[in-house]
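A.B. asks: Have a look at the structure that comes next, please.
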Amino acid sequence: MNAPSALARQEWFLVITVATCAVFLGMHDSLLAGLESRAWLILMFVWLFVVILGSALAVLRHAERLAHHLGEPLGTLVLTIAVTSIEIMSISAVMLHGANNPTLARDTLFSVTMIVLNGMVGLSLLWGGWKHREQAYNLQGANAYLGLIIPLGVLGLVLPRFTNVAEGSPLPFAHQMFLVVAILTLYATFLGLQTKRMKGYFTTDASTARDSDTEVPSRHGPLVSAALLIAYMIPVVFLVDQLAIPVDYVVETLNAPAAMGGLTMAILVALPEGMGAIRAASRNDLQRAVNIFLGSVLSTIGLTIPAILLIGQMTHHPVILGLEHTDLILFVLTLVLSLLTFSSARTHLLQGAVHLTIFVCFVYFLFSP
């Protein structure tokens, strides 16, 4: 079998993605006009959600192949930026469609943090601890991640709740621009150090050797992987705009919790990376899992908050960032728990169980009256 034919068979899902885009492009009005029927609403939502999720998983697959070519930490950086781009596009599409939802970005950021730092981290540490008892990683890298996640998370999602602005109102323009500049400056500084001076903080000798032993064979080089990664991401721009219609309908017409929109976007963002990190922890490569988990949360905060604030200003859509009530407590608890979990160079099963318990609390309070 020649290379083009093998590549076509391997990338069969791209045909489904492109076909879905063509169908919704040509029949947009008729497909999304009957959402008052619960069965049709569920069908449209599941169809779009599965295709977008499948495209995101394909992005993950090609980003992982690029990661093997580029090495750590550049490989993980490509992965996190690619998935964060999907997150920004998804939030923007839902935020700008239909009635304005000023808390969507906040709810998505909070949900991503809870899913990744509690659900995915908990499952990885629990499963990895069950299989390998204790797992090791580079403590300096985890501390570097948390050294930015904690202050940026507090500045972006906690501090806005305690300003002099009236409750439920967006921050003043000057405050928003301060957050944009401060967060981007710190994140850019971190990226510069991560890829140069502190590069060794995000690798271990064992994980480097394991990468070379477990590299997934590929019949094509990094340029083809990069092209396919972009080819899968482009349809997402269109499809998330279509998904925004049933999501808005559920929240606005069926009176579902406003945080449901954020949770939907968060699952699309967190699941592809989370699956890769869980697989890494299962094969006792906790270093890569830590890079993916903490890098994902950091890029979510460091890129999404500035992007959404700028988009909100350009489109005159208000953006409310401050967490409230139980969400605020769970977010701060998660940051403290993560600091304790990654305060030693080895992890174990009990830490995973604690993180999963906090995740269950998040799900409970999300759907509780």
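The values are calculated or read from the model by the stated rules, or taken from the named source; none is laboratory data. Given the structure is predicted, the values throughout are model-derived calculations rather than measurements. As a convention, Cβ positions derive from the backbone with ideal geometry for all residues, glycine included, and neighbour counts pool all protein chains shown. Quick note on the areas: whole protein, heavy atoms, side chains included, nothing else; ligands and nucleic acids left out. Shrake-Rupley method; radii C 1.70, N 1.55, O 1.52, S 1.80 Å.
A.B. asks: What about Pro272, is it open to solvent by less than 10 Å² (accessible area, probe 1.4 Å), assigned to a helix (DSSP H, G or I) and modelled with pLDDT of 80 or more?
C.D. replies: no
A.B. asks: Could you look through the stretch 140-153, keep only residues that are under 22 Å from Gly276 (Cβ atoms) and open to solvent by 10 Å² or more (accessible area, probe 1.4 Å), and pick out the one that is modelled with the lowest pLDDT?
C.D. replies: Applying the filter and picking the extreme gives Ala144.
A.B. asks: Any idea how many residues of the stretch 281-320 are of a type outside the set (Ser, Thr, Tyr) and within 17 Å of the chain's Cα centre (by Cα)? Walk me through how you get there before you give the answer.
C.D. replies: Taking the stretch 281-320 as the starting set, the residues that turn out to be of a type outside the set (Ser, Thr, Tyr) are 281, 283-295, 297-298, 301-303, 305-314, 316-320.
Add one more test, that the residue is within 17 Å of the chain's Cα centre (by Cα), and what stays is 288-295, 297-298, 301-303, 305-308.
Count: 17.
A.B. asks: Follow-up. I'd like to verify a number: residues in the stretch 280-334 that are assigned to a helix (DSSP H, G or I) and either open to solvent by less than 10 Å² (accessible area, probe 1.4 Å) or closer than 23 Å to Ala82 by Cβ (or both), how many?
C.D. replies: Kept after step one, since they are assigned to a helix (DSSP H, G or I), are these residues of the stretch 280-334: 280-282, 286-315, 325-334.
In the following step, the residues that additionally are either open to solvent by less than 10 Å² (accessible area, probe 1.4 Å) or closer than 23 Å to Ala82 by Cβ (or both) were identified as 280-282, 286-312, 331, 334.
Here the count works out to 32.
A.B. asks: Go through (1) open to solvent by less than 60 Å² (accessible area, probe 1.4 Å); (2) of a type outside the set (Val, Ile, Thr); (3) modelled with pLDDT of 80 or more and name the single condition Leu7 misses.
C.D. replies: Every condition holds for Leu7 apart from (3).
A.B. asks: Can you tell me which residue is farthest from His317 (Cα to Cα) among those in the stretch 154-171 that are modelled with pLDDT under 75 and either hydroxyl-bearing (Ser, Thr, Tyr) or in contact with a Lys or Arg (Cβ under 9 Å, 6 or more places away or on another chain) (or both)?
C.D. replies: The qualifying residue farthest from His317 (Cα to Cα) is Glu167.
A.B. asks: Out of Leu48, Leu43, Leu53, Leu57, I need the residue that is open to solvent by less than 10 Å² (accessible area, probe 1.4 Å), modelled with pLDDT of 80 or more and either out of contact with any Cys (no Cβ under 6 Å at 6 or more places or on another chain) or of a type in the set (Lys, Arg) (or both). Which one?
C.D. replies: Leu48
A.B. asks: Another question, if that's okay. Being of a type in the set (Phe, Trp, Tyr), modelled with pLDDT of 85 or more and buried (at least 16 other Cβ atoms within 10 Å of the Cβ) narrows it down to one residue among Phe359, Phe365; which is it?
C.D. replies: Numbers: Phe365 fails: buried (at least 16 other Cβ atoms within 10 Å of the Cβ).
Residue meeting the stated conditions: Phe359.
A.B. asks: Going through the stretch 20-35 one residue at a time, which ones are farther than 24 Å from Ala231 by Cβ and either open to solvent by less than 70 Å² (accessible area, probe 1.4 Å) or touching a residue at least 60 places away in the same chain (Cβ under 8 Å) (or both)?
C.D. replies: Across the stretch 20-35, the qualifying residues are Leu32, Ala33, Gly34, Leu35.
A.B. asks: Does at least one position in the stretch 335-346 carry a residue that is under 17 Å from the mean Cα position of the chain (by Cα), modelled with pLDDT under 85 and of a type in the set (A, V, I, L, M)?
C.D. replies: For the stretch 335-346, residues under 17 Å from the mean Cα position of the chain (by Cα), modelled with pLDDT under 85 and of a type in the set (A, V, I, L, M): absent.
A.B. asks: While we're on this one: Six or more apart or on different chains, Cβ under 9 Å: which pairs go from a residue in the stretch 171-200 that's on the phi < 0 side of the Ramachandran plot and of a type in the set (S, T, N, Q) to one that's open to solvent by less than 40 Å² (accessible area, probe 1.4 Å) and modelled with pLDDT under 80? Could you list them?
C.D. replies: Gln194/Pro73; Gln194/Leu77; Gln194/Gly141; Gln194/Phe202; Thr195/Pro73; Thr195/Leu77
A.B. asks: Could you check Leu159 against (1) in contact with a His (Cβ under 9 Å, 6 or more places away or on another chain); (2) open to solvent by 40 Å² or more (accessible area, probe 1.4 Å); (3) in a helix (DSSP H, G or I); (4) not aromatic (Phe, Trp, Tyr) and say which number it fails?
C.D. replies: (1)
A.B. asks: Please enumerate the residues belonging to the stretch 345-356 that are open to solvent by 50 Å² or more (accessible area, probe 1.4 Å) and outside any helix (DSSP H, G or I).
C.D. replies: Within the stretch 345-356, Arg346, His348 qualify.
A.B. asks: A follow-up question, please. Give the residue that is most open to solvent (accessible area, probe 1.4 Å), with candidates limited to residues of the stretch 10-19 that are within 14 Å of Met233 (Cα to Cα) and in a helix (DSSP H, G or I). Before the answer, list the steps.
C.D. replies: Here is the first cut: in the stretch 10-19, the ones within 14 Å of Met233 (Cα to Cα) are 11, 13-18.
In the following step, the residues that additionally are in a helix (DSSP H, G or I) were identified as 13-18.
Numbers: Phe13: 39, Leu14: 38, Val15: 101, Ile16: 68, Thr17: 0, Val18: 81 Å².
So, considering only residues that are within 14 Å of Met233 (Cα to Cα) and in a helix (DSSP H, G or I), the one most open to solvent (accessible area, probe 1.4 Å) is Val15.
A.B. asks: Working only within the stretch 162-185, note down all residues that are assigned to a helix (DSSP H, G or I), farther than 24 Å from Leu294 by Cβ, open to solvent by less than 50 Å² (accessible area, probe 1.4 Å) and not polar (S, T, N, Q).
C.D. replies: His175, Met177 - these are the residues of the stretch 162-185 that are assigned to a helix (DSSP H, G or I), farther than 24 Å from Leu294 by Cβ, open to solvent by less than 50 Å² (accessible area, probe 1.4 Å) and not polar (S, T, N, Q).
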